[in-house]
Amino acid sequence: MNVIEFDEQCKSCNGTGLYIGMAEKDGAAIVCHNCKGTGCNHVKIEYESFTNRKRNKVKWVYETNPGFGVGNGNGYKFSDFGGMSIEEWEGGMKFGAETENRLCSCPSWWYQSSDYKKKPIWDECIGIGAFRDCKCFKTKDRCWEKFDRENS
């Protein structure tokens, strides 16, 4: 176990020991809760040095999960939800087309979580509230086809 300790200027009060928030007006202040009025914050970080990435019992890796139960069982297998094997991921394979969770999400929902720059801005998606309430969600396979055409 490695330890780093140092004193830094309190970020909450900028080293004054006094905090001025929204409620303190006209020159009023309170004693800073974080540094107890000292202006100093003592930092102690305990850490393990990194040597290599550790292995665990993971078999399948997903780029992100916008909120679905994923895994093997109940008639589903890992790949039904996109992703790739741990061996592919450790080998440097990149996430891309067909690694998305196309079973449960539409392109807009998926890319909102995984890569916002790729999130489609389509007229039919605007103002829908929850993605599952979109009029196109039941036929999201068509949205994925459109996404693939636009991003090939």
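Each value in this text was obtained by applying a stated rule to the coordinates, not by laboratory testing. Predicted model only: the values in this text are computed from it and were never measured. Don't worry about glycine lacking a Cβ; one is built from the backbone with ideal geometry, like all the others, and counts go over all protein chains shown.
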Of the trypsin sites (Lys or Arg not before Pro) in the stretch 70-152, those whose Cβ has at most 13 other Cβ within 10 Å and which sit in DSSP loop: Lys77, Lys94, Lys135
Proximal lysine pairs, the stretch 60-150, alpha carbons under 17 Å, eight or more residues apart or interchain: 9
Calculated FRET value between Phe6 and Ala29, using beta carbons and R₀ = 30 Å, to 0.05: 0.70
Selection from Asn65, Ile45, Gly17 lying farthest towards where the dipole of the stretch 1-150 points positive, charges on Cβ: Asn65
Sparsely packed GluC sites (Glu not before Pro) within the stretch 56-152, loop by DSSP, other Cβ within 10 Å at most 12: Glu98
Helix 140-150 axis, angle to the chain major axis (alpha carbon atoms, nearest 10°): 80 degrees
Estimated Rh, the stretch 2-47: Kirkwood, alpha-carbon pairs, angstrom: 11.3 Å
Arg142-Lys77 FRET efficiency (beta carbon distance; Förster radius 22 Å; 0.05 resolution): 0.35
Karplus (6.51, -1.76, 1.60) ³J(HN,Hα), θ = phi - 60°, over the stretch 87-104, in Hz, Gly and Pro reported as x: 5, 5, 5, 5, x, x, 4, 8, 6, x, 3, 6, 9, 6, 7, 6, 5, 10
Compactness relative to 2.2 N^0.38 Å, alpha carbon Rg of the stretch 60-150: 1.10
Rounded FRET efficiency, nearest 0.05, which uses the C-beta distance separating Lys59 from Glu124 and R0 of 25 Å: 0.10
Cα-based reach from Lys54 at 12 Å (exclusive), listing aspartates and glutamates while leaving out same-chain residues under 8 positions away: Glu90
Helix-only [θ]222 nm of the chain, DSSP H runs n ≥ 4, -39500 (n - 2.57) each, per residue, nearest 500: -4000 deg cm²/dmol
Size descriptor, Kirkwood hydrodynamic radius, that averages inverse alpha-carbon separations across the chain, Å: 20.3 Å
